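Participant: One structure coming up, written as structure tokens, with questions to follow.
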Amino acid sequence: MGKKNFVEKMGAREWILIWVVGLAGQLCWNVENQWFNTFIYAKIGPYPWIISWMTAVSSIVTTFSTFFWGTWSDRKGKRRPFIFIGYVLWGIFTILFGVSEFLPKNQLVAAAVMIVAMDALMSFFGSMGNDAAFSSWTTDISNEKNRGQIGAAMAALPIIATIVGTVVSGILISILDYFMFFIIMGVSVMIIGVLGFLFMREGANLQPNRDEKGFWHQVFSVFNFKTVKENKELFCVFFISCVYFICFNFYYAHIGNYFIYVLGYDEGMSGILQGVGLGLAILATIPATKAINNGKHIKMIIASVIFSIIGLFVIGFAGKTIFLLLPGIILAGVGYVLIMQTTTAWMKNLYPEGNYGQFEGVRIIFNVMIPMVLGPSAASIIIEHFGTQVTINGEVGMAPSAALFFAAGIMSVLTLIPTYFASKQKK
């Protein structure tokens, strides 16, 4: 791309690409984080340990992929090719995941290995396109004056994806079943990847950043005490996100199965409930944007924790009472929106110049890998001891119970510990 094609300021084209390419990516993550889990219960059996292994392995793969491709894109000074290749392969492996439905069910271990492997491959290329390249691109084209808006968009995208992904996806699954649904999602993300590549322009200030000691030295250069010492405030924000999302992952991977197999809703109604609740929660980004642009990050984090705790306890006590369940989803959704919006904007303001792709890898360690290893593992133990016994297609197993929401609410208080230290470091 020549200099004339560089983005000098964020215009309509950049905002359209942020919403279209970003939403496509978040829809794919929503499919993986929610519908892959209901797929396992519906097509394989009620085995929460498969979900725990799948989320743990995919989070580790996601982290490695983001570091690998993020550092590579920093060295090349390019994001577009990585978005294109990542999104196309992401779509292909989303489709291939559905093939596991046709494996013999009497070979449970083989089916579980196939599921984990396909999910890992999907995560590898999804992280290449979305976490390593697209997220870095949004940092490349933005600045401190509009990062509140960028943070709002990046917080709203997964919520909108959850709304669309739960409502529309639930209806599509009810009508077409899982395999055709995965084909539709896979083809869609491939098309968006191609269109994004054609219309996207690199950031104006993006230049190749090469460590003369080599690629792997550059990858691992971030793992030293000097880097942490030089970026204390940033790492405090990473820890805020880490603690919150460990608690979030207690219940998020299992909420679909809780709605379907414990409360008795079908996929379509489960999606509508979550979609309506989270849709209303997005409204919280409007007042939060001004507060974040004015530097009131700490207040937003505290508000997020309070809303999350109240919402999770309401969901846990609500049972199938929709007039309690829906407000609980809204409140928990507001907590999620605020933490995403605030930490996204805060982190982007603190990323070291020239290392945006590499530090997206660090973000993934704290936002994804650690929470998705510890959260679902803890959830699996809670389900085994405090879950609800169910029989699905003749297979007896344990479904999630309200205990997950209570545990997540109680543990969310711990988010305030790194928040305290971040307030001491805030510039």
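The values are calculated or read from the model by the stated rules, or taken from the named source; none is laboratory data. Every value quoted in this text rests on a predicted model; they were computed, and no experiment measured them. Cβ coordinates were reconstructed from backbone atoms using ideal geometry, including for glycine residues, and neighbour counts include every protein chain displayed. Ligands, DNA and RNA are excluded from the accessible area calculation, which covers all protein heavy atoms including side chains. Shrake-Rupley method; radii C 1.70, N 1.55, O 1.52, S 1.80 Å.
Participant: Hey, does region 324-334 have a residue that's among the β-branched types (Val, Ile, Thr), in contact with a helix residue (DSSP H, G or I) (Cβ under 6 Å, 6 or more places away or on another chain) and farther than 30 Å from Tyr265 by Cβ? Outline the logic, then answer.
Facilitator: We begin by selecting, within region 324-334, every residue among the β-branched types (Val, Ile, Thr); these are 329-330, 334.
When the remaining residues are screened for being in contact with a helix residue (DSSP H, G or I) (Cβ under 6 Å, 6 or more places away or on another chain), the result is 329-330, 334.
Narrowing the set further to residues that are farther than 30 Å from Tyr265 by Cβ leaves none.
No, region 324-334 contains no residue that is among the β-branched types (Val, Ile, Thr), in contact with a helix residue (DSSP H, G or I) (Cβ under 6 Å, 6 or more places away or on another chain) and farther than 30 Å from Tyr265 by Cβ.
Participant: Going through region 345-390 one residue at a time, which ones are polar (S, T, N, Q) and open to solvent by 30 Å² or more (accessible area, probe 1.4 Å)?
Facilitator: Here is the first cut: in region 345-390, the ones polar (S, T, N, Q) are 349, 355, 358, 367, 377, 380, 388-389.
Matches in region 345-390: Asn349, Asn355, Ser377, Thr388, Gln389.
Participant: Residues of region 74-104 being within 21 Å of the chain's Cα centre (by Cα), modelled with pLDDT of 80 or more and of a type in the set (Gly, Ala, Ser), which ones?
Facilitator: Scanning region 74-104 gives Gly86, Gly91.
Participant: I need the helices (runs of 4 or more DSSP H) fully contained in region 105-217, keeping only those with at least 2 residues that are at pLDDT 85 or above, under 12 Å from Cys28 (Cα atoms) and touching an Asp or Glu at 6+ places or on another chain (Cβ under 7 Å). Let's see the steps before the verdict.
Facilitator: Details: elements: 108-126, 135-140, 147-176, 178-199.
Helices (runs of 4 or more DSSP H) meeting the threshold: 108-126.
For every residue, the table says whether it meets (1) in a loop (DSSP other than H, G, I, E, B); (2) surrounded by 19 or more Cβ atoms within 10 Å (Cβ to Cβ); (3) aromatic (Phe, Trp, Tyr).
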residue	(1), (2), (3)
Ile16	no, no, no
Val20	no, no, no
Ala24	no, yes, no
Asn33	no, yes, no
Tyr41	no, yes, yes
Met54	no, yes, no
Ser58	no, yes, no
Pro81	no, no, no
Val88	no, yes, no
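Participant: For region 109-146, which residues satisfy the criterion of being open to solvent by 50 Å² or more (accessible area, probe 1.4 Å) and touching a residue at least 24 places away in the same chain (Cβ under 8 Å)?
Facilitator: Leu121, Glu144, Lys145
Participant: If you don't mind, there's one more thing I want to ask. Filter region 186-203 for residues that are open to solvent by 10 Å² or more (accessible area, probe 1.4 Å) and in contact with a strand residue (DSSP E or B) (Cβ under 6 Å, 6 or more places away or on another chain) and give the result.
Facilitator: Matches in region 186-203: Arg201 only.
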